[in-house]
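Here's the structure we're looking at; comments come further down.
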Amino acid sequence: MVALAGIIILGILAQWVAWRFKIPAILPLILIGLLVGPLATLYTEDGTKLIQPIWNGTEGLFPGESLFYFVSLAISIILFEGGLTLRKNEILNVGPVILKLITIAVIITFFGAGFAAHYIFELSWPISFLFSSLIIVTGPTVITPILRNIPLKKDISAILKWEGILIDPVGALVAVLVFEFISVGEGSAFTKTAFIEFGKIVLFGTTFGFTFAHGLSIAIRKKIIPHYLLNVFTLAAVLGVFVLSDAFAHESGLLSVVVMGMVLGNVGLPDIEEILYFKESLSVLLISILFILLSANINMEDLELLYNWKAILLFATVVFIVRPIGVFLSSRNSGLKTSEKLFISWVGPRGIVAAGIASLFGLKLAKSGEPGAEYITPLVFMIVLGTVLLNATTARVFAKIVGVFLHKSEGILIIGASKVSRLIAAYLKSNNKHVVLIDSNRDNIKKAKDLHLEAIEGNIYSDQLKDNIELNDIGFLMALTGNTDINKYAINKFRDQFGENGSFRLVSTEEMNDPDNNPDEGLFSHTDDYYKLIELAEKYPGIQEIKIKNSEDYNSLIKITKNDHETIPLFIKDPDNNIRIISAYSEKMSKINEDSYFVYIGKPIDVEVVGKNID
C-alpha cells in the first residue's frame, strides 16, 4: 500500500517540479523511477529496490502478467487522448512536410537505427529492427513543454507538434508488427503467418475503432448517456474497444483506440472538450505512474549493459545522423530554411509510447528467451532519457545559434470573434500578420474559419491557450469582447505570455463616461466601447486607410475621430507594413514615418477636411 501511494505522490510531485522549472515531466519521472528502483540497490541496507514492480516473476506490485496488462491499458488511454487532439483542418494546414516526416523519415529511422543497433551492439536483425521501430516516435507530451517557452515561427512549432502526435500510432503500429514478426515467425521474421497477423491488426484495429467511435458519438448526441457519466462511460468504452479488438487480433488494440480518438475528435461532438480535459488529467496521472514503474522495473544488470562506448555511439548515430537525414530528406523543396531544418532535426525527444511499449515487448521477449531481448528496454530508455535531457537543456540555446529564435514576437491574439473582431483580423491577415481569434461561441468561430481566419474555440479560464505551442510567435494581445470582466481577466492572465509588445482591451461603458478612470491598457479610444464598435461594423463593414506623412497629419485625424462619433482609430501602418496598435492614449503615438497609413473603422473621412498635407 505504501509503495502504491508513494508512486502516485512521487509522480505528481515530479509533474509539479516539471511545471515549476519548465522542463518535460518525463525527465524527473524517469530519474525518480531509477532512484527508487535499480539505483536504490546501491544505498538500501538489504540491497533491494524501494519500489519493486516485478520480483522473481510472481512477486512485487504487479506479479506475473499484471504489469503487462496495466501498461497496455494505460498506453491505450494515452494514445486515445492523443487521437482526440487531432483535427483534420489543422493537419491539412501543416503541409506536406509533416506527411513526409511520418513516412520517409520513419523509414529512414527504422532502417538507419536498425543497422546501427545491429552493427554496434551485434544484435540480431529482428531485435535490432524492434529497437529502431520503438524509437520512431517523438512524443507530444515531451515536445510541448520544450517548445512552450521558445518563441518560434508558427510553421516550425506546428510541424514538431503534429509530427509528435501523428507519429505515435505509426511508431506503435510498426513496433507491433515487428514484435509479431519475431513472436509468430519463430526466428524468421517474414513468414506467411506474420503477414496474416499484420492484415488482422490493420483490419480489426481500424474497423473496431471507426465503428465504436461512431456508436459512442450517436449515444452522446442522443443523450443516451447522462452527463455525469459521460467521462467515465467514455473511459470504459475505450478500454472495452481496446480489449475487444485485442481479442480478435493480438496487439490491434492500440491502433483501434487511436482511430477511435481521431474519429471522435473530428465529428463535432458538443462535449468533446469536456471529454478531452478529463482524458488529459487521466493521462497525466497514468504517465506519472507508468514512467516511475517502468524505470523502477529496470535492473542494475540492464544499466550495466549501457556502461560502454557502444551506447554513446548508438545514441550519437540516432540523434546526430539518422534524425537529420530523415528531416532533410523529408523537407526537400518545402520552403523551409536550412536553419529551420537544423532545429527540427535537433528536437526529436522520445516519450511514453517508446518507453511503455519497449518495456512491454522487451519483458515479453526476454521471458520467452529471445536472444538479445534484454537490450531492448535499457537501449530505448537510454534514447528516451538522453533525447529529453539533450533537448530540454539545449533547445532554446540551439534555436538562438541557428537563428530561428524570435527575438520579437509579432503575432496578434484577439480575444473574441465577433463581427468587428473578424473584420480587424481579416485586415491584419491581409497585411501578412499572424492573427489568432479565440472565442467560446461556436458560431463565431465557424464564421471566422469560413473567412479562412485562424480561430480557436476555447474558454480563456482554462489553460488551453498557455499549452498551445503554435502561439509561440504571439506578442500582442487585444481583448475585444463585450464583457469587461472577461477582457480584464484575459489581460491579467495572458499579458506575460502573449502581450510582451502590448496588451490592450476595450474600455467599458462606465469607463467611457468617466474620463478620470480610464485604464492604461485602453484600446483604440477612451470614448468608444464594444457596442460602438459593433454599431460601426454593421453600418460600415470595412477597414479604411488614409495615407499620412507626419505626426501633424496623425494628430489631425485623431482629433476628427474624437469629434466625429462615426469613426474609431485602429492602427498605424508604416511603409514597411509594420503595424502599430493605437491605444486609448492615442496622443502618445511616437514619430510617424512618411508614407504611413492611418487605419480606422467607420465613415470614410474626407481628406480635404484634414489638411493639405494628406494625399
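The values are calculated or read from the model by the stated rules, or taken from the named source; none is laboratory data. Source: prediction; values computed, not measured. Quick reminder, even Gly has a Cβ in these numbers, built from the backbone with ideal geometry, and neighbours come from all protein chains shown. Side chains included, ligands, DNA and RNA excluded: accessible areas come from the protein's heavy atoms. Shrake-Rupley method; radii C 1.70, N 1.55, O 1.52, S 1.80 Å.
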- Flag for V263 being closer than 27 Å to E180 by Cα and either assigned to a helix (DSSP H, G or I) or open to solvent by less than 10 Å² (accessible area, probe 1.4 Å) (or both): yes
- Kindly indicate which of V384, V380, V353, V347 is open to solvent by less than 10 Å² (accessible area, probe 1.4 Å), of a type outside the set (G, A, S), in contact (Cβ under 8 Å) with a residue 12 or more places away in the chain and more than 22 Å from F70 (Cα to Cα). V347
- Task: May I ask you to say which residue of F68, F121, F111, F115 is in contact with a Lys or Arg (Cβ under 9 Å, 6 or more places away or on another chain), at pLDDT 90 or above and surrounded by fewer than 24 Cβ atoms within 10 Å (Cβ to Cβ)?
- Result: F121
- Message: What's the total number of residues in region 543-567 that are of a type outside the set (S, T, Y), within 14 Å of Y600 (Cα to Cα), out of contact with any Lys or Arg (no Cβ under 6 Å at 6 or more places or on another chain) and surrounded by fewer than 21 Cβ atoms within 10 Å (Cβ to Cβ)?
- Response: 12
- What about S503, is it open to solvent by less than 60 Å² (accessible area, probe 1.4 Å), in contact with a Lys or Arg (Cβ under 7 Å, 6 or more places away or on another chain), outside any loop (DSSP other than H, G, I, E, B) and not hydrophobic (A, V, I, L, M, F, W, C)? yes
- Message: Quick check on region 301-325: of everything there that is closer than 18 Å to Y119 by Cα and open to solvent by 50 Å² or more (accessible area, probe 1.4 Å), which residue is nearest to the chain's Cα centre (by Cα)?
- Response: F320
- Note on the structure: Expected output for region 149-166 (first residue among the basic types (K, R), partner open to solvent by less than 10 Å² (accessible area, probe 1.4 Å) and assigned to a helix (DSSP H, G or I), Cβ below 7 Å, 6+ apart or cross-chain) is K161/I143; K161/I469
- Message: Residue under question is A366, and the condition is that it be assigned to a helix (DSSP H, G or I), farther than 30 Å from L570 by Cβ and more than 22 Å from the chain's Cα centre (by Cα); does it hold?
- Response: yes
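Residue-wise test of (1) more than 21 Å from E500 (Cβ to Cβ); (2) hydroxyl-bearing (S, T, Y).
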| residue | (1), (2) |
| --- | --- |
| Y530 | yes, yes |
| E535 | yes, no |
| K539 | yes, no |
| Q544 | yes, no |
| N550 | yes, no |
| D553 | yes, no |
| K559 | yes, no |
| I572 | no, no |
| I582 | no, no |
- Within region 1-60, of all residues that are among the charged types (D, E, K, R) and open to solvent by 90 Å² or more (accessible area, probe 1.4 Å), the one modelled with the lowest pLDDT is K22
- Determine, yes or no, whether S281 is assigned to a helix (DSSP H, G or I), among the polar types (S, T, N, Q) and under 24 Å from the mean Cα position of the chain (by Cα). yes
- Message: Given the condition under 22 Å from F210 (Cα atoms), open to solvent by less than 40 Å² (accessible area, probe 1.4 Å) and in a helix (DSSP H, G or I), answer yes or no: does some residue in region 266-274 qualify?
- Response: yes
- Message: Checking A358 against (1) open to solvent by less than 10 Å² (accessible area, probe 1.4 Å); (2) of a type in the set (A, V, I, L, M, F, W, C); (3) in a loop (DSSP other than H, G, I, E, B), only one condition comes out false. Which one?
- Response: (3)
- Task: Specify the residue that is farthest from I201 (Cα to Cα); the eligible residues are those in region 234-245 that are free of Cβ contacts under 8 Å to residues at least 60 places away in the same chain and crowded, with 17+ Cβ neighbours inside 10 Å.
- Result: T234
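Within region 125-146, how many residues are over 25 Å from E410 (Cα atoms) and either part of a helix (DSSP H, G or I) or not aliphatic (A, V, I, L, M) (or both)?
Final tally of qualifying residues: 15.
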- Residues in region 147-194 that are open to solvent by 30 Å² or more (accessible area, probe 1.4 Å), at pLDDT below 70 and part of a helix (DSSP H, G or I): how many? 3
- Of those in region 586-605 that are in a loop (DSSP other than H, G, I, E, B) and modelled with pLDDT of 70 or more, the residue surrounded by the fewest Cβ atoms within 10 Å (Cβ to Cβ) is K591
